[in-house]
1. Looking only at the range 303-322, filter to residues that are in a loop (DSSP other than H, G, I, E, B) and in contact with a helix residue (DSSP H, G or I) (Cβ under 8 Å, 6 or more places away or on another chain); which one of those is farthest from residue 239 (Cα to Cα)?
2. Looking at the range 1-35, which of the residues that are without any contact (Cβ under 8 Å) to a residue 60 or more places away in the chain and crowded, with 21+ Cβ neighbours inside 10 Å is farthest from the chain's Cα centre (by Cα)?
3. For the condition free of Cβ contacts under 8 Å to residues at least 12 places away in the same chain, touching a strand residue (DSSP E or B) at 6+ places or on another chain (Cβ under 8 Å), farther than 17 Å from residue 209 by Cα and among the acidic types (Asp, Glu), what is the one hit in 340, 332, 281?
4. Among the candidates 255, 245, single out the residue that is more than 24 Å from residue 313 (Cα to Cα), open to solvent by less than 60 Å² (accessible area, probe 1.4 Å), out of contact with any Pro (no Cβ under 9 Å at 6 or more places or on another chain) and assigned to a loop (DSSP other than H, G, I, E, B).
5. Regarding residue 237, is this residue among the aliphatic types (A, V, I, L, M) and open to solvent by 40 Å² or more (accessible area, probe 1.4 Å)?
Amino acid sequence: MARVLVVDDEDGLRQTMALFLRRAGHVCRTAGDVAHALADLALEPADVIISDIVMPGGGGIALLEAVRDRGYRSEVIMVTGEPTVETAVQAIRSGAFDYVAKPLNSVRLCEAVASAARLRQIEDEDAQYRQDLERLVEARTTSLHESLERLRRTMENTTQALSRALEIRDPYTAGHQRRVTHLSCAIHDRLPAELRLTAAGRDGLRIAGLLHDLGKLAIPAEILAKPARLSSLEINLIRAHPVIGWEILNGLDFGWPVADIVRQHHERVDGTGYPDGLKGEEIRLESRILGVADVLEAMASHRPYRPALGIETALAEIRRGSGTAFDGTIVEACVGLFLEDGYVLDSGAPTD
């Protein structure tokens, strides 16, 4: 159960959303504009805010920015009649959790609220963890090593929370990022010694693997889970996710260029990839590794639009693309993992 504030200038739609959410067990209150919503929040917090993106006197983006500026710990879901990549990027960059397209579907709305409430719980637990960490560091100022390790774990928890947030929105690919990460690190470790990254670089590869599909937070869940061929518009929305992921991560200091790795993970060595059409070594090694692992895992696993194709078919596909779509040395290492070392894709594999 979550405390939900519904903000919409259309009284009928506002009351309908509130009715859906109350029937789903949430505690729901309403406001007709941004000013009344902020006045309501000043009196009582909300776990989730649902706001129309276009309203007289200030829309959802203005509300979202005011919520963040005032430090309210609420997840915000936007409601829009015209979903576009630009709308999604603006909302996500401003801090929105999700957006729901009109006409509203009660099931989709309730699922979005439930997912936002789960993320709010995760972030509250993480905030409590950080408060505990601060007290621990203050109490143990003589132990620098322990303090640094705790800070590293905080970054790790943040990375894991972002990865879990995507899996909550897209349950059909739950575990995909973890499997791709584990496979990418295994491929890296099988490369010739002169090609391997530093310890910091390998950790950057691991973090990028866990976050490589983060940009899909901006893609409507009904497109991600669509059990049929996508339209050209839907394909373009999907193909925007590396750039959206880069925009979300750009500027965050992971100690390695994680945002650039995420942006390039769909580039191909012959220049046929996206978003920038990079070729060969213009593409970061980490991204070339992720590209192979991502394709292999996706083919070998179930998707809403098709059953799993199996590891043999997936290996055959990356072999066909060796030297053209994919880096031949990376393909060789990947194939060797499965055929010589007995590697098995494992949904529960650790991401060491």
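1. Step by step, filter the range 303-322, then rank; the result is 310.
2. Filtering the range 1-35 for residues that are without any contact (Cβ under 8 Å) to a residue 60 or more places away in the chain and crowded, with 21+ Cβ neighbours inside 10 Å, the one farthest from the chain's Cα centre (by Cα) comes out as 31.
3. 332
4. Criteria check complete, one pass: 255.
5. Against the criterion (among the aliphatic types (A, V, I, L, M) and open to solvent by 40 Å² or more (accessible area, probe 1.4 Å)), residue 237 does not qualify.
The values are calculated or read from the model by the stated rules, or taken from the named source; none is laboratory data. Just so it is clear, the model here is predicted, and its values are computed rather than measured. Backbone-built Cβ (ideal geometry, glycine too); neighbour counts: all protein chains shown. Surface accessibility is based on the protein's heavy atoms, side chains included, excluding ligands, DNA and RNA. Shrake-Rupley method; radii C 1.70, N 1.55, O 1.52, S 1.80 Å.
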